[in-house]
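Below you'll find the structure, written out as structure tokens, and then a few comments.
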Amino acid sequence: MRNGDDVLVLGAGVIGLTTAVCLAEAGARIRLWAADLPPATTSVAAGALWGPDFTEPGFGWSLVTRDELTALASEPSSGVRLCRGREVSDLSAELPPWVDELPELRVCEPDELPEGMLVGLWTTVPVVNMPVYLDYLTRRLADAGVEIERRRVATLAEAAARAPVVVNCTGVGAVELAGDTDLHPVRGQHVVVENPGIDEFYIAAGLAPQWAGYIPHGDHVVLGGVAIPHDWSLEPDPAIAEGIVARCAAIEPRLAGARVIEHRVGLRPQRTRPRLDEEPVDGARCVHNYGHGGMGVSLSWGCARAVRNLLAG
Ligand SMILES: Cc1cc2nc3c(=O)[nH]c(=O)nc-3n(C[C@H](O)[C@H](O)[C@H](O)COP(=O)(O)OP(=O)(O)OC[C@H]3O[C@@H](n4cnc5c(N)ncnc54)[C@H](O)[C@@H]3O)c2cc1C
């Protein structure tokens, strides 16, 4: 991409903001339109914990993002920090092949595994306080001269009429915008509670639609989780919230009486794999960058760089 090119980025979640930062800092002239501002996106509802992707090119994207987030952890205003915690699983007693990528790894002793869990490990990874992080990205974008404009587009052609390059980072919005039948929402819900003194994260991975997971962010802890496919509701469900607190309190009893501060709901943009490719739309170049499911934070910098490289080609 040449300096001074006009690029219209659609979307102000973690994918749109990171992509816009990456392109603007590479010298592109950026406009960013979003139907919803960052505090009203799915991205703000994420926990958020960095984790490796299991596929290619996702694996590479996740490693790029890990390194970028690790570097940001030394900036207190970024909302990113390194946190130690346990990842456990009831899928298999074998350690997954990617564990070598996890820093400060130690396999859990049997008495560190909750009932039913077959394997677990301790590691130290970036955790992201999403409201603070999205503010940080917005400020970084403003420093590069880009303000977010609140504006929904009805079609990609509408965007293509306004810029020679459009980058579509609309999350589940791409179901309509790109007519993508592979993309659908997987609803998630979190309960945010006052931190009773927890400084380690915990996450159980499995195939079940509900699990226990908690991530401390200083004064508060984000508790999850659920995955409900094809559910578009953004209303917190009290019964789901109760189940989340109960499952987390069974692992960490101090969470049982913690005061609830907030409920957060988000729609993971689920697809067979993230879409990162280019198509012509009415004479404009349209690059798609959406469909990151439950991994958008973990893939964000790798995908933003891939968009930058695609446009440079
Ligand atoms: C409960 C929960 C927990 C999660 N935890 C993690 C985690 O620990 N780690 C991790 O890596 N990921 C996690 N995720 C996944 C991650 O949050 C998502 O993958 C990511 O937020 C998707 O970001 P996005 O920018 O693509 O979409 P969004 O955040 O949904 O942003 C989409 C943007 O596009 C805009 N838009 C949509 N349609 C239009 C239109 N027609 N015109 C203009 N603008 C439009 C929207 O208004 C919005 O600004 C979690 C998700 C949930 C729900």
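Things worth noting here:
- From Ala144, Ala163, Ala208, residue being away from the ligand (no atom under 12 Å from the Cβ) and modelled with pLDDT under 95: Ala208
- Within region 209-221, considering residues that are outside any strand (DSSP E or B) and free of Cβ contacts under 8 Å to residues at least 60 places away in the same chain, the one surrounded by the most Cβ atoms within 10 Å (Cβ to Cβ): Pro209
- Qualifying residue in region 290-308 (condition: within 14 Å of the ligand (Cβ to nearest atom) and in a strand (DSSP E or B)): yes
- Residues (without any contact (Cβ under 8 Å) to a residue 60 or more places away in the chain and more than 19 Å from Arg268 (Cβ to Cβ)) located in region 29-58: Arg29, Glu56
One line per residue, one yes/no per condition, for (1) of a type outside the set (Asp, Glu); (2) under 19 Å from the mean Cα position of the chain (by Cα):
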site	(1), (2)
Val21	yes, yes
Ala28	yes, no
Asp36	no, yes
Pro57	yes, yes
Glu68	no, yes
Asp90	no, no
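- Count of region 275-288 residues which are in contact with an Asp or Glu (Cβ under 9 Å, 6 or more places away or on another chain) and within 14 Å of the ligand (Cβ to nearest atom): 4
- For Pro96, the requirement of being crowded, with 16+ Cβ neighbours inside 10 Å, away from the ligand (no atom under 16 Å from the Cβ) and of a type outside the set (A, V, I, L, M, F, W, C) is met.
- Single residue of Gly224, Gly206, Gly243 found to be buried (at least 20 other Cβ atoms within 10 Å of the Cβ), in contact (Cβ under 8 Å) with a residue 24 or more places away in the chain and closer than 24 Å to Gly51 by Cβ: Gly224
- Evaluated against (1) outside any helix (DSSP H, G or I); (2) within 15 Å of the ligand (Cβ to nearest atom); (3) over 22 Å from Gly293 (Cβ atoms), Arg84 falls short on exactly one condition, (2).
- Within region 189-200, the presence of a residue that is among the hydrophobic types (A, V, I, L, M, F, W, C), in contact (Cβ under 8 Å) with a residue 40 or more places away in the chain, assigned to a loop (DSSP other than H, G, I, E, B) and under 26 Å from Ser300 (Cα atoms) is excluded.
- Every residue from region 171-222 that is farther than 18 Å from Pro131 by Cα and of a type in the set (Ser, Thr, Tyr): Thr181, Tyr202
- Total residues in region 227-240, condition surrounded by 12 or more Cβ atoms within 10 Å (Cβ to Cβ), out of contact with any Phe, Trp or Tyr (no Cβ under 9 Å at 6 or more places or on another chain) and of a type in the set (Gly, Ala, Ser): 1
- Filtered residues of region 166-205 (kept if near the ligand (Cβ under 10 Å from one of its atoms), among the β-branched types (Val, Ile, Thr) and either outside the structural domain of Arg259 (by TED's automatic domain parsing) or in contact with a Pro (Cβ under 8 Å, 6 or more places away or on another chain) (or both)): Thr170, Val172, Val175, Val186
The values are calculated or read from the model by the stated rules, or taken from the named source; none is laboratory data. Everything numeric in this text was worked out from a predicted model, so none of it was measured. Note that we place each Cβ from the backbone using ideal geometry, even for glycine, and neighbour counts take in every protein chain shown.
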